[in-house]
1. Determine, yes or no, whether Leu230 is modelled with pLDDT under 95, in a helix (DSSP H, G or I) and outside the structural domain of Arg388 (by the TED database).
2. Working only within segment 287-296, note down all residues that are assigned to a loop (DSSP other than H, G, I, E, B) and either of a type in the set (Ser, Thr, Tyr) or at pLDDT 85 or above (or both).
3. Counting only residues that are at negative phi and either outside any helix (DSSP H, G or I) or outside the structural domain of Thr514 (by the TED database) (or both), how many does segment 461-483 have?
4. Report the residue count in segment 349-368 for those that are free of Cβ contacts under 8 Å to residues at least 60 places away in the same chain and within 21 Å of the chain's Cα centre (by Cα).
5. Is at least one residue of segment 417-433 more than 27 Å from Leu304 (Cβ to Cβ) and in contact (Cβ under 8 Å) with a residue 12 or more places away in the chain?
6. Looking at (1) over 29 Å from Leu550 (Cβ atoms); (2) under 24 Å from the mean Cα position of the chain (by Cα); (3) free of Cβ contacts under 8 Å to residues at least 60 places away in the same chain, which one does Ser371 not meet, given that it meets all the others?
7. Determine which member of the set Glu381, Glu441 is modelled with pLDDT under 90 and closer than 26 Å to Leu302 by Cα.
8. When residues of segment 247-263 are filtered for being in contact (Cβ under 8 Å) with a residue 60 or more places away in the chain and either crowded, with 21+ Cβ neighbours inside 10 Å or assigned to a loop (DSSP other than H, G, I, E, B) (or both), how many remain?
Amino acid sequence: MNVEEACRAADNAVFARAGQHLSDVQMLILQGSLQGLTYEQIAQNSHYSVSYIKKFAGPALWSLLSEGLGEPVSKTNFQAALARAKREISLQAAHFQPRTDPVSNPTGRYSAQPVLSRLVGVPHVSVFFGRTQEFDVLQQWIVGDSQGTGKSGCCSLMLLSGLGGIGKTALVTKFARQLQSPFEVIVWQSLNNALPFADVIATLLKGLIGEEIELASNANGRMVQLLEYLRGHRCLLVLDNVEGILQSGELVGQYRQGFQSFGEFFRRIAEDEHQGCLVLIGREQPSEIASLAGDTLPVRALRLKGLLPTDARQLLEAKGVNSSQAGIEELIQLKRGNPLALQFIATTIQDLFDGNVAQLLKQSTVIIGDSLLSLLDEQFERLSALERDVMFWLALEKQSLDKLKENARFIVSSSSELLKTLQSLKRRSLLEEEVCDRTGEPLFTLQPVVLRYSLRKLAEQTLDDILNTIQTQSLQSLGLLRSHALFSDDRLYNHRQTHAYLMTQLLVNNLQTTLGDRTEINQRFNHLLLTLHQRATQAIGYATINLTNLQRITESQLL
């Protein structure tokens, strides 16, 4: 057997016994070992570290091969084991030959014999760790019964949501590429560019049937064609970046003008009888999903969280960070296991802190990373004005519903309005809930990465509001000075690591850069305070308290 044949045989053997394929890094190690390369040489030819390959990926590969080949194997003897099992592996491999033509199955019954799905537009993923539990959920919800005899136990429509960088696309990509059956075709389409509904349905139809299909002239006719095809064919459709068709600047889930047909399509997929499954991937949840979803219903929703600590450690090891050093657990918790955040911070640790995690954690600077920062900027711009205001309150301090309602009284008109806003933020995966140790009541807070980002945005917006108020002398420019108690908490002066302290530190530094020394700042504030003392509380909100306390901070040099 040559290298390609040996890799294929090994992969088939593992799948036949263990029900999973070799991962990208495992295949990389196998190919290198077949060529006689050492672990060090394999690492040099990849983006993985030697430590990760030796400690994690290599042992996992030989363990899987031992199970697949039915005898203990290692890097030194696996080729002999493969040769001994050649005949059996060849017989197993015969059951995994791909079909290139769509299979008609009008009865809706499918053979239990595994058949490789035809992939259309499915992206590739190079770095992937963990997600065993999530794979099991996808298997149960998307594939259903283990015999591949129809849709028993699975759903018609599924949403995978989560914060940017959490690994939604990577998870579904990996799952789709490892899926053997029962789907004839898997078609993937991104909604990032907000293509018209008729064009998206046309793309799906061409992916399923072929370019030669005669398309209906209008969007509704094409939707009918697609649903009719799915009644006789077991197909998986994936629409990524679903937020591309949703309206920004409003509570989550509303469609952009001209894109409402997607909502009707999602309802038809959920309610009509057919053999297909549609998976939506996005940072936001369309309104239909919230009302139709349930764990045993045709519509399911899964909010993806961060990697488990063990998987996060493997990712860091792959990036060259020693995962056994002090501070690793704190770092993983701080990033909530977000793969994109961990990849960036691993590079930062290597480049700026000589691989020392503890040195990084000593820094108070907000380190997010350009890729994740871009995703957070996009998500923040999509929020409604009230969602932003609530996020700023929660960035200052975790709060109960009652306390938040009282604090935000200058911007929230009713309890129902506040509840809808919190629900919308939760559906955007921006909100977390904790239980107060003292009272046992639920507290709302933000993920650490989102919180640090929000503090920076809060400091920037507050600075703009101060400068605009000084320039215009208008109460309409007060903005956050009116709506948020930014500097009123005594903890600001007693605990130098509170959220309010970090935000104030950023703000005062920016004020000094913009307005000059502390004396100049206080003179400007005195003039503003004279104006504010003459106005009613409802008109100025927290402005007088904020400016008075900010003046105390700059005068006493508390920062």
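The values are calculated or read from the model by the stated rules, or taken from the named source; none is laboratory data. Keep in mind it's a predicted model, so treat the numbers as computed, not measured. So basically every Cβ, Gly included, is an ideal-geometry build from the backbone, and we count neighbours across all protein chains shown.
1. Against the criterion (modelled with pLDDT under 95, in a helix (DSSP H, G or I) and outside the structural domain of Arg388 (by the TED database)), Leu230 qualifies.
2. Gly294, Thr296
3. Qualifying residue count for the region: 2.
4. Of the residues in segment 349-368, 1 are free of Cβ contacts under 8 Å to residues at least 60 places away in the same chain and within 21 Å of the chain's Cα centre (by Cα).
5. yes
6. Among (1) over 29 Å from Leu550 (Cβ atoms); (2) under 24 Å from the mean Cα position of the chain (by Cα); (3) free of Cβ contacts under 8 Å to residues at least 60 places away in the same chain, the lone unmet condition for Ser371 is (3).
7. Going through Glu381, Glu441 in turn, the sole match is Glu441.
8. Within segment 247-263, residues that are in contact (Cβ under 8 Å) with a residue 60 or more places away in the chain and either crowded, with 21+ Cβ neighbours inside 10 Å or assigned to a loop (DSSP other than H, G, I, E, B) (or both) number 10.
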